[in-house]
Amino acid sequence: MRFRLPLSGSTIYGQITVIIVVCMIIVIIGGSTLERWVRDDYNVPDLEVLSEKMAAIGSLVAVATPAERQEIIEIAGRGGWRLSLRPLSVADRFTTSSTDQPFIQAATDWFFPPDDGSTPYGGWRTFLDDKRVISVKVDDATLLLLEQVPTSLLSSDALSFGSNYLVAMVTLILLFFIFAVWAITRPLRRIAVAAMKADISLGPAPFEERGSVEIVALARALNAMQRRISIMIEGRTRMLRGISHDLRTPLTRLRLRTERLQDEETRDALLGDILRIDHLLKESLGYLRDNHQREPSQRADLASLLQTISDEFADMGHDVTYNGPPRMIAEFRPLAITRAVTNLCENGIKFATRVEIGLKTIDAEAIIEVADDGPGITEQYRERVMEPFFKIDAARGGSDTGFGLGLSIVTEIVEAHHGRFELLDRMPHGLIATIRLPLGRQ
């Protein structure tokens, strides 16, 4: 396995490398600027500086006489230093923590301990009676204590590293957030939207091939997969369409020969079977047609289309009515919707005495309802009846003479419109086939 430097900014790992380099540059510049700003504007006491000064005062006290020691302490007091001389045994009461110490200060002491300057006697974190002190050993019996140490202390390391860490954390969070949205989240969302709208028909590539190298590779792989699936489906459909079509010729010859039979009872039985086979072939050929996928969307009057379907069934003597607005302009595929609603109406008149086509709009959706007063379909079969070639003889109270493709075609047409198709109960009895179509552009 060869190691290659991610020098190209067109790859995700190359972009991450660029972000890290940019972050390092920002930390170097911004960290020192923030440190200088905190020192100059806030004048926070430096623990290491205090320790160095205490060490210097302690060295003077160590060589001074008792009277001079007291004088040194008094002089320091004028400058705001509260010093005291204590016996060395006081160190036994030293602790490394305090209940009064702020959490931020404790965290700073823990994560950024000083590593420069003179270490106080007892360590950098020394407390006496819950108060922070800085101590220096004067001799074998005496300690010099600095009491009333400021509660807000910083070491040089804490100020330097803390500034760098803060700048690094903010910079990394900001840059990686922008990177995640720009290079990963948005392209993946774009691919997900394209996948929801993609179908199996051969056409332009549904996935846009732009972005980082990895995103482009993913889009190309998905486009190639979509093309392979389309070619496979097209080949299968062409084969089945050819078989169904070729069967029509011998079936026609068989019907002509059967009509010459002298035995009327046998002739009628054979002609009935031939008509049934012919009906099944027509149904299968209709299912194999994919005109609803190739038909372009257009703005048309959906209400007028549904009224036309209702009138055609009524002219044939069926009780099919339309209930809805006289006009509704929407974007859809007219031939496909005509075929879907016609299939639903044919199912309705097959098992019911009355069918009603309804149309309404709710929340930017056009809702088409085909309701009948038949026996309905039990809930356990409602999902399966939408599958191709699934038939249930007792589902609608009669014998199904088809291949079970009618609802499958409706489902495909609705999905091609990015809509939803569902079957619901109608009270007191019957079935409501509901098609929900988005009113936006298909």
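Between I75 and I178, what FRET efficiency comes out of the Förster formula 1/(1 + (r/R0)^6) with R0 = 56 Å and r the beta carbon distance, rounded to 0.05? The pair I178/I75 has a calculated efficiency of 0.45. Distances between placed amide hydrogens fall under 5 Å for R354 paired with D373, all partners being 5 or more residues away or on another chain.
Computed over neighbours whose Cβ is under 15 Å from that of G272, the net charge equals -4, Lys and Arg +1, Asp and Glu -1. Taking T411, T96, T126, T17 and ordering them by how much accessible surface each has at a 1.4 Å probe, largest first, produces T96, T17, T411, T126. 3J(HN,Hα) along the range 335-341: 4, 5, 5, 4, 5, 5, 5 Hz, from the Karplus curve 6.51 cos²θ - 1.76 cosθ + 1.60 with θ = phi - 60°, whole Hz, x for Gly and Pro. Were the residues from I229 through T258 laid out at 0.36 nm apart, the gain over their Cα-Cα distance would be 6.1 nm. Averaging the Cα positions of each part gives two centres, and for the range 226-281 and the range 327-343 these lie 29 Å apart. A cut-off of 5 Å between modelled amide H atoms, ignoring neighbours fewer than 5 places along the same chain, links N323 with I357, G358, L359. Projecting label points 7 angstrom from Cα along Cα→Cβ for M24 and T321 puts them 8.0 nm apart. With each label modelled as a point 7 angstrom along the Cα→C-beta vector, the R384-D301 pair spans 4.4 nm.
Less than 5 angstrom separates the built amide H of S84 from those of L145, E147, all sequence-distant by 5 or more or on a different chain.
Using a probe of 1.4 angstrom and keeping all protein chains present, the accessible surface of the range 44-96 works out to 59 square angstrom per residue.
The values are calculated or read from the model by the stated rules, or taken from the named source; none is laboratory data. Just so you know, these numbers come straight off a predicted model, no measurement behind them. For neighbour counting, all protein chains shown are included, and Cβ atoms are generated from backbone atoms with ideal geometry for every residue, glycine included. Quick note on the areas: whole protein, heavy atoms, side chains included, nothing else; ligands and nucleic acids left out. Shrake-Rupley method; radii C 1.70, N 1.55, O 1.52, S 1.80 Å.
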